[in-house]
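Some notes on the structure that comes next.
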Amino acid sequence: MRFPVVLHSDDGVRFGVTVPDLPGCFSSGDTFDAALDSVREAIDLHLEGIVEDGGEVPVTKTIAEHRANPDFAEGVWAAVEVDVFRFEGRAEKINITLPRRLLAKIDTYAKAHGESRSGFLAEAARVAMR
């Protein structure tokens, strides 16, 4: 899942990072890249706390939506990829109906990319709901 983040710097070297979709989640780093690495860990820990408290992983907004917030006017935007699979709960078996040709295309695509049918469909759903 991609999380928009905004980086701020007073000296152009060290950066503070805010995650607008996760109020209270922030991080920092001595370089731009270090700040991005650090915020990935902060997001992971923040999500762990949300799920432990019975909450859900939030749906993120786009950077364009967040840019309208004047609190982030001076920031530099980036998006960080975080694996949220472990927060999605136990897998459940379902029964769905799909057209035969579509199912064949899904299977061919998934196999060519080293994925299972279920893994492909789950990722396609995640992408569609961003």
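Listed residues 75, 54; which is at pLDDT below 95, closer than 24 Å to residue 26 by Cβ and in contact with a strand residue (DSSP E or B) (Cβ under 6 Å, 6 or more places away or on another chain)?
Numbers: 54 fails: in contact with a strand residue (DSSP E or B) (Cβ under 6 Å, 6 or more places away or on another chain).
None of the others qualify; the one that does is 75.
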Does residue 124 satisfy the condition of being in contact (Cβ under 8 Å) with a residue 40 or more places away in the chain, among the small types (Gly, Ala, Ser) and either under 26 Å from residue 58 (Cβ atoms) or assigned to a loop (DSSP other than H, G, I, E, B) (or both)?
no
Of all residues in segment 1-30, which are modelled with pLDDT of 95 or more, in a loop (DSSP other than H, G, I, E, B) and among the β-branched types (Val, Ile, Thr)?
19
Can you tell me which condition residue 3 does not meet? The list is (1) in contact (Cβ under 8 Å) with a residue 60 or more places away in the chain; (2) of a type in the set (Phe, Trp, Tyr); (3) more than 27 Å from residue 120 (Cα to Cα), and all the others hold.
(3)
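Identify, please: which residue in segment 35-78 is of a type in the set (S, T, N, Q) and part of a loop (DSSP other than H, G, I, E, B) and is, among those, farthest from residue 1 (Cα to Cα)? Walk me through how you get there before you give the answer.
First pass over segment 35-78, keeping only residues of a type in the set (S, T, N, Q): 38, 60, 62, 69.
After this cut, where a residue has to be part of a loop (DSSP other than H, G, I, E, B) as well, the list is 60, 62, 69.
Working: 60: 9, 62: 12, 69: 22 Å.
Once the filter is applied, the top-ranked residue is 69.
Being touching a residue at least 24 places away in the same chain (Cβ under 8 Å) and exposed (fewer than 12 other Cβ atoms within 10 Å of the Cβ): is that true of residue 48 here?
On the way: touching a residue at least 24 places away in the same chain (Cβ under 8 Å): yes; exposed (fewer than 12 other Cβ atoms within 10 Å of the Cβ): no.
Considered against the rule, which asks whether it is touching a residue at least 24 places away in the same chain (Cβ under 8 Å) and exposed (fewer than 12 other Cβ atoms within 10 Å of the Cβ), residue 48 comes out as no.
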Answer yes or no: is there a residue in segment 50-69 that is of a type outside the set (Gly, Ala, Ser), touching a Lys or Arg at 6+ places or on another chain (Cβ under 6 Å) and assigned by TED's automatic domain parsing to the domain that holds residue 19.
no
Within segment 53-90, restricting to residues that are touching a residue at least 24 places away in the same chain (Cβ under 8 Å) and farther than 30 Å from residue 12 by Cα, the one that is surrounded by the fewest Cβ atoms within 10 Å (Cβ to Cβ) is 59
Take the residues in segment 78-120 that are acidic (Asp, Glu) and either farther than 27 Å from residue 52 by Cα or in contact with a strand residue (DSSP E or B) (Cβ under 6 Å, 6 or more places away or on another chain) (or both); name whichever of them is modelled with the highest pLDDT.
107
So, in segment 104-120, how many residues would count as being out of contact with any helix residue (DSSP H, G or I) (no Cβ under 7 Å at 6 or more places or on another chain) and β-branched (Val, Ile, Thr)?
1
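The values are calculated or read from the model by the stated rules, or taken from the named source; none is laboratory data. Bear in mind that the values here come from a model prediction, so they are computed numbers and not experimental data. A quick note on method: Cβ atoms are made from the backbone with ideal geometry, for glycine too, and the neighbour counts reach across all protein chains shown.
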